[in-house]
Amino acid sequence: MKDFVFHVPTKIFFGEGHAADFANEVKAYGSKALIVYGGGSVKQNGIYDDIVGALHDAGVETVDHGGIEPNPRVDSVRAGVEKAKEHDIDIVVPIGGGSTIDAAKLIAASTVSGGEPWDIVIKKQAVTGALPIASVLTLAATGSEMDSGSVITNLETKEKLGWGSPEVLPKTSLLNPAYTKTVSPYQTASGTADIMSHTMENYFSIDDSAYLEDSFSEGLLRTCIHYGPLAVKEPDNLEARSNLMWASSWAINGLLKSGKTQSWSVHPMEHELSAYFDITHGVGLAILTPRWLRHLLSDKTAPKIARFGRRVFDIREEDDMKAAEEAIDTLYDFFKSIDIPMSLREVGVEEDALEKMAKSCIEHAGGVIRGFVDLHEDDVLAIYKACF
Ligand code: NZQ
Ligand code: ZN
């Protein structure tokens, strides 16, 4: 195992009945909150009223900033920064999925650090501070509720890029699984695929001395495989919603990568798809992952993929290469079984954009994606083509 530092001081309130506790925690950071939310689902399902009511009861004044898009755009962030400054906001409270929380992170950082928000994303400007963030998660997927990353889209430059800073790690997050009962089967399946992808990005590496972390990963993957389909079929199943929600936070908060050398491969390829065609993040990952594994399957990678198949999908095959092939097919079938469209064509990606996206993916990665196996532009293009 490699040396590492693990420091994730986000205070989690998990379960029903914590809205008042959460509001009191917010109050400890200030008395004026910017409420950031998306297209309105939180107003229809009552979550907005629950949280804003609890904040008012705790003596926190609120200012609304709604309309954050899935694949959140930098324009919505700019408008949020203006509001935060105009109203002298003390704390940012996103209520939503990853898009809302990610937008809130850039609002919080840009309000304090000054300048143009996009410059923080492209690392032209340093994050010198941020307003505190207290998030209310309504969709189990990205892990943004317990990590310091954020992914923002710029429609003008056709870029969707990740950035991060310890300054935007949420101080506290409210995880009430009952809040996810209204998530559609499509978004539930996509969220499950996203949690699995975060886990697999950490899991698939050649150095294998981190037995403990890989065993945590296998447990998380088994949890998603067991409860993802249940939550898709039975939206009110609280046991399924609870397990998925807690899995989402642990898949990406640093636990699974501790002690390992790893860098992500599938996410950079997916971010191009979302940037060019605004597709749903988790769906893009599900389409890409089996094709990525198939592309890099070799005598060197087969043992790890076979281990994944045996421990996650209970594959019995003893030959590593055959077990790895079976694992990849089983993963594909799993995503299909939860009704994820499994080709790029089905989600509206145009074939003549593949070359452009492969080029831009490699440019954003600095010339090569250094992951389980290094990927160059021709590898990315071949993987995109295999997804058609
Ligand atoms: O817009 P609203 O009304 O909120 O509706 C949303 C949206 O339409 C809806 N939804 C959320 N909670 C709901 C609900 N509908 C009914 N009931 C509820 N309780 O679901 C739709 C999708 O929401 P979104 O926030 O976009 O989904 P998700 O959580 O999957 O976030 C995706 C974004 O996060 C980024 C992705 O790239 C993408 O932009 N990621 C962020 C990461 C991070 N911060 O660490 C890592 C991830 O790998 C990922 O890249
Ligand atoms: Zn993701």
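Would you be able to tell me the number of residues in the stretch 37-72 that are more than 16 Å from residue 18 (Cβ to Cβ), among the small types (Gly, Ala, Ser) and free of Cβ contacts under 8 Å to residues at least 60 places away in the same chain?
The number of residues fulfilling the criteria is 5.
Answer yes if at least one residue in the stretch 185-194 is of a type outside the set (Val, Ile, Thr) and either away from ligand 1 (no atom under 13 Å from the Cβ) or over 14 Å from the mean Cα position of the chain (by Cα) (or both), and no otherwise.
Yes; the residues of the stretch 185-194 include at least one that is of a type outside the set (Val, Ile, Thr) and either away from ligand 1 (no atom under 13 Å from the Cβ) or over 14 Å from the mean Cα position of the chain (by Cα) (or both).
Out of curiosity, is residue 76 touching a Gly at 6+ places or on another chain (Cβ under 7 Å), free of Cβ contacts under 8 Å to residues at least 40 places away in the same chain and more than 24 Å from residue 267 (Cα to Cα)?
Answer is no for this residue.
Look through the stretch 276-307, keep the residues that are among the basic types (Lys, Arg) and touching a helix residue (DSSP H, G or I) at 6+ places or on another chain (Cβ under 7 Å), and return whichever of them is nearest to ligand 2 (Cβ to nearest atom).
Only one residue fits best here, namely 291.
Starting from the stretch 365-387, keep only residues that are within 21 Å of residue 199 (Cβ to Cβ), then list their pairs with residues that are surrounded by 20 or more Cβ atoms within 10 Å (Cβ to Cβ) and β-branched (Val, Ile, Thr) whose Cβ atoms are within a distance under 6 Å, requiring at least 6 positions of separation or different chains.
Close Cβ pairs (under 6 Å, with a partner that is surrounded by 20 or more Cβ atoms within 10 Å (Cβ to Cβ) and β-branched (Val, Ile, Thr)) amount to 375/369; 387/287.
For the stretch 136-145, state whether one or more residues are within 16 Å of ligand 2 (Cβ to nearest atom), farther than 19 Å from residue 43 by Cα, free of Cβ contacts under 8 Å to residues at least 40 places away in the same chain and of a type outside the set (A, V, I, L, M).
No, because not a single residue in the stretch 136-145 is within 16 Å of ligand 2 (Cβ to nearest atom), farther than 19 Å from residue 43 by Cα, free of Cβ contacts under 8 Å to residues at least 40 places away in the same chain and of a type outside the set (A, V, I, L, M).
Limited to the stretch 190-212, what total is found for residues that are modelled with pLDDT of 95 or more and not β-branched (Val, Ile, Thr)?
So the answer is 13.
The values are calculated or read from the model by the stated rules, or taken from the named source; none is laboratory data. As the structure is a computational prediction, the values presented were derived from the model and not from experiment. Cβ atoms come from the backbone with ideal geometry, glycine included; neighbour counts cover every protein chain shown.
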